[in-house]
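The values are calculated or read from the model by the stated rules, or taken from the named source; none is laboratory data. On a predicted model such as this, the values are computed, not experimentally measured, just so you know. Reconstructed Cβ throughout: ideal geometry from the backbone, glycine too, with neighbour counts over all protein chains shown. Note: areas computed on protein heavy atoms with side chains; ligands, DNA, RNA excluded. Shrake-Rupley method; radii C 1.70, N 1.55, O 1.52, S 1.80 Å.
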Amino acid sequence: MLTNTNKGHATLSVLQFLLITGAVLIRLGSPEVCAGTDGNNFSRLSDYIRPMVGTKGEEGNTYPGPSAPFGMVQISPDTDTTNWETDSGYAYADPTIMGFSLTHLTGTGCPDLGDFLFMPQVGRQDFVAGTKDHPEDGYQSIYSHSDESASAGYYQVKLQKPGVLAEMTAGERAGMLRFTFPASEKSSIMLDLSHVINGGRWRVAESRVRIEDNSTITGFHLINGWAKERYLYFAARFSRPFDDTEIISAGKPVIYNTYRFRSRNEAAGTNLQFFAKYKTHADEVLQVKVAVSAVSAADALQNLDAEIPGWDFEKLLAATREKWDRELSKIEIEGSQVQKETFYTSMYHAFLAPNLYEDDNGQYRGFDQNIHQAKGFTEYSVFSLWDTFRAEHPLFTLIQSPRDADMINSFLVHFDQSADHLLPMWELQGNETWCMIGYHAVPVIVDGYFKNVKGFDVQHAYEAIKTTAMNPDYDSVAIYAKLGWVPCDKEDESLSKTLEYAYDDWCIAQMAKALGKTDDYNEFMQRAASYKNLYDPALGWMRPKDSHGNWRTPFDPHAFGGGTNLEDVTEATSSQYSWFVPQDVPGLIALMGGDEKFVEKLDSLFDAKLSKVFTDDMSANDLRGCIGEYWHGNEPSHHVIYLYSYAGQPWKTAQRLHQVVTTQYGNQPDSLCGNDDCGQMSSWYLFTCLGFYPVCPASDYYVIGAPQVPRAVVHLSNGKKLTMTTENLSDQNIYVQSVRVNGKNWDSPFLPYRELKNGGKLVFTMGPQPSQWGTNPGFPQ
């Protein structure tokens, strides 16, 4: 998803990717699970995770703090809240840290979360943040990257202003902060309930804090943000009873006074801060256990006590590291240290979201804002479906099948609770953000159905996908079904919506056919061909039409959105979006004049000189993700490189894949060329490293590309093992010479799911020049 990007660049040389001394240098007696070719002494796959890997420019793309796989809590430093680009709260170029909040989005193009900020202070107790230019005016502190480190499940930084070492680790619903204070008569730990990553737009509608006893507080806030009605509760226990406490409301102390307040132990309002006050001796450690819930403060306390009954920071860290090792071991690779760090950091990104969204007792806040009990499934939230249907969810069908079933069930209860009878579009903590386009819960459900994901009601799922696609009120779906396109005079983003609806409808048709619903199959297959109505043979690209069937005039296929003041194309140009016909690539090839002309047009995309009408709308980091007009930093391009294989030139796929992998991924803070978008950017990399990619999720095949690591063992969710090996792979030997699948010579670039679902062996022979392999592809059946 596109945002305007931060112009500041990261200074990479000062970042020390260290496994921290003391608490983090722990070994749990696990065997060597990562023996490879890098020659290092890492004993755990989680050692290869680099939490600070993100983007250059869009540096709020990542949060460096700890999280359990798919966890509800992500405790991480925030350096900014109002900058729209710092959507995850942390920008590597920022000189100050505001504090440490409990929830974060991962690589989205829109800011939110950043709930409940904790910040240690020494001396003057500030309740406003101050600014990056003048941190002395508030509680934020300067810091140095040389005093900062992050690893799986752990983050630490030395805050220079208070002279406090801050460390944190996290479980699934709860986590711990550990602060080492200097000697002081006036030390404190502040909680700012007014803090939220708001992009300068969102607001706290209401909040409350309550002192429960001499070491425990609870509270909540309601945020009107990207998610319009987002309730979140917290509970916090402190390792030492308070010496004193203070609540600040709208800049004034809350005191026992019948004129102003009735109690000094609780307050409600829109601008609240709480101070736990202490006298500390040198190197005194104070810890805070924290947990969240969308249901109630009582549930937050239950989550806290269930997950962290004691005060053992190292035990919680070790448990989270074990969880990461268990998840990462689903794919074991060989390769260089850089390859392993890039690969396992990508898996880390892919497994940060969606997020757990039910309490320890199974309760969750539903889409109808009522409290529900999850029965027979685990509720998840944060579904960036316009992004993740492409590669992340197809990855889940292979190696996270039980979780994928839980996520599909989460879609279905969302549908049941929706006043509009719709599946989620872009769901955030029980809210529909109405962000992005299409109805892409559909391919996730249908792909899960065809990939043997068990544990959801198939008939109910079909009812939900069909009802969503037939909703007459959703973004001109009704007139699209009538005309065969979304008219540009009735609807913004009409070109993109037509193409994406057509693909989603093809997915519905496939499930209808499998379920024996012939009439539905015929209807949705007719809708799936709607893309043909927007191809302008004179222009050679997709072009919007109005409700009378007239072409949009003027229209520039190389301009962002289609031209000045036009919003016909979603975050792209027509030259980028015209390739989105994954359900019928042979049909697209025919429209474009056959294989030779199709390849010529693909070449023109990569060889194009970017026009000013395109670059004027792009940031420096966005442009870094471009190869000609191909834009890897945004999801509509992710399948495009693989299209060469449909036209009999798979060596061009191999060439471009190698180019993207070596220039737009890596193990440094500026390695990603665009938003990770809840794991989609990273999931593309994971599939590409394995040598195949789901160009058309919900189909029965993958497209073979070119492997990027020497060897990989994929542990499928059904207990089977798929082994990918290469012969002669190197930076020079990037072209596929031959492929063997389960002992059979395989000349087609199309790899059916049936050949993978029971495990087996996939063997690539690589060479320095293009070969004849895959040049007579046929088409997948």
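Structure values in brief
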{"read-out": "Hits in segment 717-734 - residues which are β-branched (Val, Ile, Thr) and surrounded by fewer than 15 Cβ atoms within 10 Å (Cβ to Cβ)", "value": "Thr723"}
{"read-out": "Qualifying helices (runs of 4 or more DSSP H) (wholly inside segment 415-522; at least 1 residues being under 24 Å from Gly561 (Cβ atoms) and in contact with a helix residue (DSSP H, G or I) (Cβ under 7 Å, 6 or more places away or on another chain))", "value": "477-483, 494-514"}
{"read-out": "Test: residue in segment 267-288 that is closer than 19 Å to Leu117 by Cα, without any contact (Cβ under 8 Å) to a residue 60 or more places away in the chain and open to solvent by 70 Å² or more (accessible area, probe 1.4 Å)", "value": "no"}
{"read-out": "Listing of strands (runs of 3 or more DSSP E) fully contained in segment 306-380 that carry 3 or more residues being more than 25 Å from the chain's Cα centre (by Cα)", "value": "371-373"}
{"read-out": "Leading residue by the ranking (nearest to Phe606 (Cα to Cα)) among those in segment 558-574 that are crowded, with 22+ Cβ neighbours inside 10 Å and touching a Lys or Arg at 6+ places or on another chain (Cβ under 9 Å)", "value": "Ser574"}
{"read-out": "Meets criteria (more than 23 Å from Tyr449 (Cα to Cα), outside any loop (DSSP other than H, G, I, E, B) and open to solvent by 10 Å² or more (accessible area, probe 1.4 Å)) for Thr688", "value": "no"}
{"read-out": "Residue among Phe377, Phe389, Phe351 that is of a type in the set (A, V, I, L, M, F, W, C) and open to solvent by 10 Å² or more (accessible area, probe 1.4 Å)", "value": "Phe377"}
{"read-out": "Members of segment 657-680 found to be buried (at least 24 other Cβ atoms within 10 Å of the Cβ) and assigned to a strand (DSSP E or B), listed by number", "value": "Leu672"}
{"read-out": "Check on Arg260, at pLDDT below 95, more than 20 Å from Ile75 (Cα to Cα) and out of contact with any strand residue (DSSP E or B) (no Cβ under 9 Å at 6 or more places or on another chain)", "value": "no"}
{"read-out": "Only listed residue being touching a strand residue (DSSP E or B) at 6+ places or on another chain (Cβ under 8 Å) and either of a type outside the set (A, V, I, L, M) or over 28 Å from Arg365 (Cβ atoms) (or both), chosen from Asp243, Asp213", "value": "Asp243"}
{"read-out": "Number of the condition not met by Val703 [criteria: (1) open to solvent by less than 20 Å² (accessible area, probe 1.4 Å); (2) closer than 27 Å to Arg326 by Cβ]", "value": "(2)"}
{"read-out": "Members of segment 729-772 found to be of a type in the set (A, V, I, L, M, F, W, C) and more than 35 Å from the chain's Cα centre (by Cα), listed by number", "value": "none"}
{"read-out": "Residue match in segment 735-742 (condition: open to solvent by 10 Å² or more (accessible area, probe 1.4 Å), charged (D, E, K, R), assigned to a strand (DSSP E or B) and touching a residue at least 12 places away in the same chain (Cβ under 8 Å))", "value": "yes"}
{"read-out": "Test for Phe606: is it in contact (Cβ under 8 Å) with a residue 24 or more places away in the chain, in contact with a helix residue (DSSP H, G or I) (Cβ under 6 Å, 6 or more places away or on another chain) and surrounded by 15 or more Cβ atoms within 10 Å (Cβ to Cβ)", "value": "no"}
{"read-out": "The one condition in (1) buried (at least 21 other Cβ atoms within 10 Å of the Cβ); (2) closer than 25 Å to Pro443 by Cβ that Tyr521 fails to fulfil", "value": "(1)"}
{"read-out": "Selection from segment 146-167 of residues that are in contact with a helix residue (DSSP H, G or I) (Cβ under 9 Å, 6 or more places away or on another chain), of a type in the set (A, V, I, L, M), in contact (Cβ under 8 Å) with a residue 60 or more places away in the chain and within 23 Å of Ser46 (Cβ to Cβ)", "value": "Ala152, Val157"}
{"read-out": "Tabulated pairs, segment 335-352, first among the basic types (Lys, Arg), second surrounded by 24 or more Cβ atoms within 10 Å (Cβ to Cβ), C-beta under 7 angstrom, 6+ apart or interchain", "value": "Lys340/Tyr48; Lys340/Ile333"}
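So that you can scan it fast, the table gives a plain yes or no per residue for (1) at pLDDT 95 or above; (2) β-branched (Val, Ile, Thr):
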{"site": "Gln160", "(1), (2)": "yes, no"}
{"site": "Leu165", "(1), (2)": "yes, no"}
{"site": "Arg173", "(1), (2)": "yes, no"}
{"site": "Leu177", "(1), (2)": "yes, no"}
{"site": "Phe181", "(1), (2)": "yes, no"}
{"site": "Leu191", "(1), (2)": "yes, no"}
{"site": "Gly200", "(1), (2)": "no, no"}
{"site": "Val204", "(1), (2)": "yes, yes"}
{"site": "Arg208", "(1), (2)": "yes, no"}
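Residue by residue, here is whether (1) touching a Pro at 6+ places or on another chain (Cβ under 9 Å); (2) at pLDDT 95 or above; (3) acidic (Asp, Glu); (4) part of a loop (DSSP other than H, G, I, E, B) holds:
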| site | (1), (2), (3), (4) |
| --- | --- |
| Asn565 | no, no, no, yes |
| Gln583 | no, yes, no, no |
| Asp603 | no, yes, yes, no |
| Leu610 | no, no, no, yes |
| Asp617 | no, no, yes, yes |
| Tyr642 | yes, yes, no, no |
| Trp651 | yes, yes, no, no |
